[in-house]
1. Ala207 - would you say it is more than 25 Å from Arg132 (Cβ to Cβ), touching a residue at least 12 places away in the same chain (Cβ under 8 Å) and open to solvent by less than 20 Å² (accessible area, probe 1.4 Å)?
2. Within segment 210-227, restricting attention to residues that are open to solvent by 50 Å² or more (accessible area, probe 1.4 Å) and of a type in the set (Asp, Glu), which residue is farthest from Arg295 (Cα to Cα)?
3. Starting from residues that are at pLDDT below 75 and over 23 Å from Gln115 (Cβ atoms), keep the ones in segment 42-60 and report whichever is most open to solvent (accessible area, probe 1.4 Å).
4. With respect to Val253, determine if the residue is under 24 Å from Arg319 (Cα atoms) and surrounded by 14 or more Cβ atoms within 10 Å (Cβ to Cβ).
5. Regarding Thr184, is this residue among the hydroxyl-bearing types (Ser, Thr, Tyr), at pLDDT below 60 and surrounded by 13 or more Cβ atoms within 10 Å (Cβ to Cβ)?
6. Tell me the residue from Pro330, Pro289 that is surrounded by fewer than 16 Cβ atoms within 10 Å (Cβ to Cβ), free of Cβ contacts under 8 Å to residues at least 12 places away in the same chain and farther than 30 Å from Gln246 by Cα, please.
7. Which of the residues that make up segment 16-40 are closer than 18 Å to Glu127 by Cβ, surrounded by 15 or more Cβ atoms within 10 Å (Cβ to Cβ), touching a strand residue (DSSP E or B) at 6+ places or on another chain (Cβ under 9 Å) and not aliphatic (A, V, I, L, M)?
8. Taking Ile96, is it within 30 Å of the chain's Cα centre (by Cα), modelled with pLDDT of 90 or more and not small (Gly, Ala, Ser)?
Amino acid sequence: MKLIKLPPVLSENLDLAAINQQLREGRAKLDWSSVQSAPDSVLKVLLEGIDSDSEVLNLDEGVSDRIIKVVSNFSKSRRENISGEIPSETSLPVSIFTKPSPAQIRAELEELIIQDLLGPVNGETEEIDETRVTDRYLVGVLAPLFRNKGKEEAAEEQQDELAVGGQDNSEEGTTEKTVAIPSTMFPSSMGLTFCVENTAESLEITASWGKYEREKSEILVKENGEPQTVWKRDAIAGSRIQPLKQNHRFEWVPSPEQAGEIIVKGQSRRMDNGDWIVTVFLVNGQHEPAKLRDRAWVFQPELKIRSGDKNHPPIFIKRPLPLALENLDPMIRAENEAMGMLYRRQVEFAVGHGVSVAVQPSKSIPKSAE
């Protein structure tokens, strides 16, 4: 059964009749988790002909009791009307959630911003009625490694290269001629580097992302009643238990059937103290087609790393500072020592390469180790 995630504010811009038809036919159910307000007129169309106890409403424990009460009152009013028409005046409130706290408002605002910029706004299997997905989501995008560049795009990138290259001047010094100038503003890979203790034997690596294809919509229709052609999202993911070996380079495909050219690459090696330092990358190695280019782009990519041994999850340790401080420039050495003193109580478990890293502590860590 398809899950339809409702937006924060329900409005008549949604194809309410099409959603209602899917609900009445049992082909979809609702996700109310993001809803903040809904006008009476919208709920009338959305819930027409649906009982309050229907499973398609998806009113589980995570839904406010007030929502259940609103839906129940609406369903009761509909049943009591002999003519089958919904009364023109109802007592449905505009806000169907209880008043949130300032912290909840901040968290919801942050989530809405991330969803709007990164996506997917309407759930794992959303539909986008826009010309290009890359115009809809502005961050969290991996371009194909092999681009099919048009004349205008190539000219723009040539201008960017001239700007990046720069000229020699008294303020910035001499331009380094040996440094490779990036050929594009869109990266094709992202990754992270982290350390694990020497007793660890393996890691569980999970890669996930969204792939968009042009297909017929199940919700939106044209004026003649035919379904519109939209971008549909397909959630792709793959996991693997990766053994840790000295100076070992590994490479594998998370989803060979759906995306055989999207690869996870990495390397593991031991440090002088015996602990492991590991680098993992997700690479979009696809070829960009001449038409419908967004089919080869990777959206909402994510890498998750955890211990390969579920009985021993807390294996990640602090990344060490460079040991050979005596070989550094005196000013850089002094700065490193000052920063080390300033952030001595802050633990950096990982560093991202073209991406940010979020660390979630394990629930099984003993109090003595916190």
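1. Details: more than 25 Å from Arg132 (Cβ to Cβ): no; touching a residue at least 12 places away in the same chain (Cβ under 8 Å): yes; open to solvent by less than 20 Å² (accessible area, probe 1.4 Å): yes.
Taking the combined requirement at face value, the residue does not satisfy it.
2. Glu223
3. Step one: filter segment 42-60 for residues at pLDDT below 75, giving 51-53, 59-60.
Filter again for over 23 Å from Gln115 (Cβ atoms), leaving 51-53.
Numbers: Asp51: 71, Ser52: 34, Asp53: 131 Å².
Per the criteria, the residue is Asp53.
4. Details: under 24 Å from Arg319 (Cα atoms): no; surrounded by 14 or more Cβ atoms within 10 Å (Cβ to Cβ): yes.
Spelling it out, it is not the case that Val253 is under 24 Å from Arg319 (Cα atoms) and surrounded by 14 or more Cβ atoms within 10 Å (Cβ to Cβ).
5. So Thr184 passes the test.
6. Pro330
7. If the condition is that a residue be closer than 18 Å to Glu127 by Cβ, surrounded by 15 or more Cβ atoms within 10 Å (Cβ to Cβ), touching a strand residue (DSSP E or B) at 6+ places or on another chain (Cβ under 9 Å) and not aliphatic (A, V, I, L, M), then Gln22, Lys29, Asp31, Ser34 are the ones that fit.
8. no
The values are calculated or read from the model by the stated rules, or taken from the named source; none is laboratory data. Computed from a prediction, not measured in an experiment: that's the story for all the values here. Reconstructed Cβ throughout: ideal geometry from the backbone, glycine too, with neighbour counts over all protein chains shown. Note: accessible area is taken over every heavy atom of the protein model, side chains too, but ligands, DNA and RNA are not part of it. Shrake-Rupley method; radii C 1.70, N 1.55, O 1.52, S 1.80 Å.
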